[in-house]
Amino acid sequence: MKRIAILGSTGSIGTQALEVIAANPDKFEVEVLTANSNATLLIEQAKKFKPNAVVIADEKKHQDVKTALSSLPIKVFTGNASLNEVVQWSTVDIVLGALVGYAGLHSIVAAIDAGKRIALANKETLVVAGELVMQKAKQKGVPVIPVDSEHSAIFQCLEGEGTKYIEKVILTASGGPFLGKKPNYLVNVKASHALQHPNWVMGAKITIDSATLMNKGLEMIEAKWLFDLKNDQIDVVIHPQSIIHSMVEFIDGSVKSQMGIPDMKLPIQYALSYPERIKSNFKRLDFKEHSKLTFEMPDYKTFRNLQLAKDAMEKGGNHPCIMNAANEVVVASFLSNRVGFMEMSDMIEKTMAAVSYIQHPTLEDYVQTDKEARIKVAEFLKHSQLSS
Ligand code: NDP
Ligand code: MG
């Protein structure tokens, strides 16, 4: 029986992880559930899964959750510091990192420090501080198993191979809702439009990142650190059907891919059960229904975020952290219609040029960089057309 702490249980990944756990009660047990402010769903989940503890980050909701769970033997904590504590408990075997954004970094570092196995969905943790996080994991002998479907695919392709025979990895991208569109169209798109992803139902932030292709840029950096790759070993190809979840080309020219119907429950379950596989009733891939798999090159000129992420990866140091912070802020602004779709790249680029570069950042440097970048991008946003 594996005891699991789900950081971000009320989100898209979190709720699907609970479906996986509910379907496998002989294998998994919920030890900790956490939410930011969705007290209603957290309470409902706690009543159903009876964890040892819950954390509601938003202190204003603490009393509501406490009152609702008062008749049950469930500890109720609040505040971000509690997240870093609960992941270290001896009763936790696996920490599933499913918070969104930079907010997920510190609890993952705390979990690695405590030697916990990590199932990682929160890609921003590796984008911001991948070198430091993976070094710590190596020192502690902690496996970091990817949940992101592309990285799960690569991880599965590497089973029995290791990383030494990799020539390159090829990340597949659906292209999002605006595949093939040009800037004259994209200047007018609104959040409601960008939130309609053709193949995946996900949280709002990653859905916008998928529409701008920033998601694929973040995933390049995520792959770099997870699989210890050089920058030129990471390629992206657009594959609109999202059946091939990614590929590895080996030094002898052989290419392996992992395929399946797009369903995050599969990589979530694999990350929790690894190195075993669990029989599931997930929908099977029927090649008669998917007889056409197509591939094309990404349009780096229109979808500039992909290029910006590549630049940040190549520059290294705190640049991915700057880019990530700027992106989180502009995505939040775009979601509330305060900045245009194409303007997001301008804001990120300006912020990347404005914040001071640190080649070998410490964890504290990342904290400072994230703060500084958020302040800078907020200034740029103030002067943008839509908010004026
Ligand atoms: P959601 O927005 O759906 O969920 C985020 C979760 O984190 C919620 O439980 C939310 O709580 C909690 N949360 C958000 N901000 C904070 C905070 N500041 N402090 C504490 N808790 C917080 O995101 P997703 O599930 O879509 O994504 C989670 C991560 O997984 C992201 O990094 C994403 O890139 C990655 N990922 C997601 C995929 C998907 O299919 N969704 C696919 C691949 C990767 P509340 O509900 O209370 O707001
Ligand atoms: Mg992905």
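The values are calculated or read from the model by the stated rules, or taken from the named source; none is laboratory data. This is a predicted model, so every value here is computed, not measured. Cβ coordinates were reconstructed from backbone atoms using ideal geometry, including for glycine residues, and neighbour counts include every protein chain displayed.
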Inset, instruction - Confirm whether residue 306 is over 22 Å from the mean Cα position of the chain (by Cα), surrounded by 16 or more Cβ atoms within 10 Å (Cβ to Cβ) and part of a helix (DSSP H, G or I). - result: no
Legend entry - Criterion violated by residue 229 - all others in (1) assigned to a loop (DSSP other than H, G, I, E, B); (2) at negative phi; (3) over 19 Å from the mean Cα position of the chain (by Cα) satisfied: (3)
Legend entry - Residue check for residue 322: hydrophobic (A, V, I, L, M, F, W, C), buried (at least 24 other Cβ atoms within 10 Å of the Cβ) and either assigned to a helix (DSSP H, G or I) or assigned by TED's automatic domain parsing to the domain that holds residue 102 (or both): yes
Inset, instruction - Return the total of residues in the stretch 64-85 being under 24 Å from the mean Cα position of the chain (by Cα), within 12 Å of ligand 1 (Cβ to nearest atom) and not hydroxyl-bearing (Ser, Thr, Tyr). - result: 5
Inset, instruction - For the stretch 269-276, indicate whether the set of residues that are touching a Lys or Arg at 6+ places or on another chain (Cβ under 9 Å), surrounded by fewer than 22 Cβ atoms within 10 Å (Cβ to Cβ) and closer than 23 Å to residue 192 by Cα is non-empty. - result: no
Legend entry - Any hit, the stretch 119-135, residues being touching a residue at least 12 places away in the same chain (Cβ under 8 Å), buried (at least 19 other Cβ atoms within 10 Å of the Cβ), within 16 Å of ligand 2 (Cβ to nearest atom) and part of a loop (DSSP other than H, G, I, E, B): yes
Inset, instruction - May I ask you to say which residue of 175, 162 is in contact (Cβ under 8 Å) with a residue 40 or more places away in the chain and in a loop (DSSP other than H, G, I, E, B)? - result: 175
Legend entry - Residue list for the stretch 200-216, restricted to those being in a loop (DSSP other than H, G, I, E, B), away from ligand 2 (no atom under 11 Å from the Cβ) and either surrounded by fewer than 19 Cβ atoms within 10 Å (Cβ to Cβ) or charged (D, E, K, R) (or both): 201, 203
Legend entry - Selected residue [over 22 Å from residue 54 (Cβ atoms) and touching a strand residue (DSSP E or B) at 6+ places or on another chain (Cβ under 8 Å)] from 118, 154: 154
Legend entry - Number of positions in the stretch 278-314 that are touching a helix residue (DSSP H, G or I) at 6+ places or on another chain (Cβ under 7 Å) and either without any contact (Cβ under 8 Å) to a residue 12 or more places away in the chain or of a type in the set (Val, Ile, Thr) (or both): 3
Legend entry - Residue count, the stretch 22-44 (criterion: within 22 Å of residue 280 (Cα to Cα) and either within 15 Å of ligand 1 (Cβ to nearest atom) or within 16 Å of the chain's Cα centre (by Cα) (or both)): 1
Legend entry - Hits in the stretch 348-385 (condition: over 22 Å from the mean Cα position of the chain (by Cα) and more than 13 Å from residue 321 (Cβ to Cβ)): 350, 353, 354, 375, 378, 379, 380, 381, 382, 383, 384, 385
Legend entry - the stretch 142-169: number of residues that are surrounded by 24 or more Cβ atoms within 10 Å (Cβ to Cβ), farther than 25 Å from residue 252 by Cβ and more than 16 Å from ligand 1 (Cβ to nearest atom): 0
Inset, instruction - State the number of residues belonging to the stretch 178-199 that are of a type in the set (A, V, I, L, M), touching a Phe, Trp or Tyr at 6+ places or on another chain (Cβ under 9 Å) and not in a helix (DSSP H, G or I). - result: 2
Inset, instruction - Would you be able to tell me the number of residues in the stretch 136-168 that are touching a helix residue (DSSP H, G or I) at 6+ places or on another chain (Cβ under 6 Å), within 12 Å of ligand 2 (Cβ to nearest atom) and among the aliphatic types (A, V, I, L, M)? - result: 1
Inset, instruction - Could you grab the pairs with beta carbons closer than 8 Å, sequence gap of 6+ or different chains, first residue in the stretch 142-159 and part of a strand (DSSP E or B), second one among the hydroxyl-bearing types (Ser, Thr, Tyr) and more than 16 Å from ligand 2 (Cβ to nearest atom)? - result: 145/274
